[in-house]
Each structure stands twice: as structure tokens, then as C-alpha cells.
Amino acid sequence: MSIALQYCHVTVNDVEESLAFYRDGLGLDVTNDVSSGGFRWVTLGSPTQPGLEIVLSEPHAGRSEADGDAMRELLAKGVMPMLIFRTDDLDATFEKVRASGAEVLEEPADQPWGPRDCAVRDPSGTMIRIAQEPKA
């Protein structure tokens, strides 16, 4: 028996605006784009990690009105769980993300716990860390 993570949902204020960040800034590939009931779900992945995809959707997509409102409040506070990506070239990835207009929280730096990383916010305020493992 085996088990693997397949999808990670990221709630965003505006799917199109966030798509530009995740696709153009981070370089992820769109694998699916579905509309239903006035909402849209966009799935993105990376060829370096096949089978794992991120799904972007708005707070009310697939949720009750009350739950969507609660998600929107959490998103507005900037307290949604962060995402951490790994790259083999942090400086180049950081410059590409910065050029996409992302809010920079921390420029690339060597961290005392090991990796070299940086932090930005996606257009909806979710913290994104990008790490590069130390060279052996």
C-alpha cells in the first residue's frame, strides 16, 4: 500500500490575479481550469513533482455562505497557512517572483536552521516561502 498527497487547496481572493502569480511568477503549469456554479477552480503543477497539484479557488467556491465568509475573513487577516516551495536556484526564482509584483517579506538569506530561503506574499496575502537546500 502506498499513499501520496495529490492536491493542496489554496484559497484566493481572485483566481485570475493569483494565477498570474503562481503560473508566471513561480513557473507552475496550469493542468486544469474548471468553472461551475459561477466559481472557478484552477489546478497547477510542476513537472519536477508530477502527481502533486495546487488548486486555486475563491472563498465561497464549494462552501456554504457562512463558511465562505469565514474563509474570506481569514484571508483578509493574512492568517491562511503558508506554502513552502523548494528550488534549485533561489536567487533566480526570487527575481522572477519579485518581477511578477509579489510583496517581498524577506530577501534570500541563509537561515540558521539550514536552508537559504526567502518569503513573499501571493496576491491574496498568503505567505510563500521559497527554499534552496544548502549545497553539500
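Any read-out appearing in this document is the output of simple, stated calculations on the displayed coordinates, not a laboratory observation. As the structure is a prediction and not an experimental result, all values here were calculated from the model. Heads up, the Cβs are rebuilt from the backbone with ideal geometry, glycines too, and the neighbour counts pull from every protein chain shown.
Here is how the numbers come out for the structure above:
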{"quantity": "Angle between the chain longest axis and helix 65-77 axis [Cα atoms, degrees, rounded to 10]", "calculated": "30 degrees"}
{"quantity": "Test item: Cα-centred dipole of the chain, Lys/Arg +1 and Asp/Glu -1 on Cβ, debye", "calculated": "220 debye"}
{"quantity": "Sum of side-chain charges, residue 95 neighbourhood, beta-carbon under 11 Å (Lys, Arg +1; Asp, Glu -1)", "calculated": "-1"}
{"quantity": "At R0 = 41 Å, FRET efficiency that the Cβ-Cβ distance of residue 65 and residue 103 yields, to 0.05", "calculated": "0.90"}
{"quantity": "Intensity falloff of the chain expressed as log10 I(q)/I(0), Debye formula with alpha-carbon point scatterers, at q = 0.16 Å⁻¹", "calculated": "-0.86"}
{"quantity": "Peptide ranges 50-59, 91-100 listed from the most packed, as the mean C-beta count within 10 angstrom indicates", "calculated": "50-59, 91-100"}
{"quantity": "5 angstrom amide H check on residue 86, placed H, neighbours 5+ away", "calculated": "131"}
{"quantity": "Ranked by how many other beta carbons lie within 10 Å on average, peptides 38-47, 2-11, 71-80, 115-124 from highest", "calculated": "115-124, 38-47, 71-80, 2-11"}
{"quantity": "Amide H within-cut-off set for residue 111, under 5 Å, with H built and near neighbours excluded", "calculated": "116, 117"}
{"quantity": "Local net charge near residue 67, Cβ-Cβ under 15 Å (Lys/Arg +1, Asp/Glu -1)", "calculated": "-2"}
{"quantity": "Expected 222 nm ellipticity per residue - DSSP helices of 4 or more, -39500 (n - 2.57), all of the chain, to 500", "calculated": "-6000 deg cm²/dmol"}
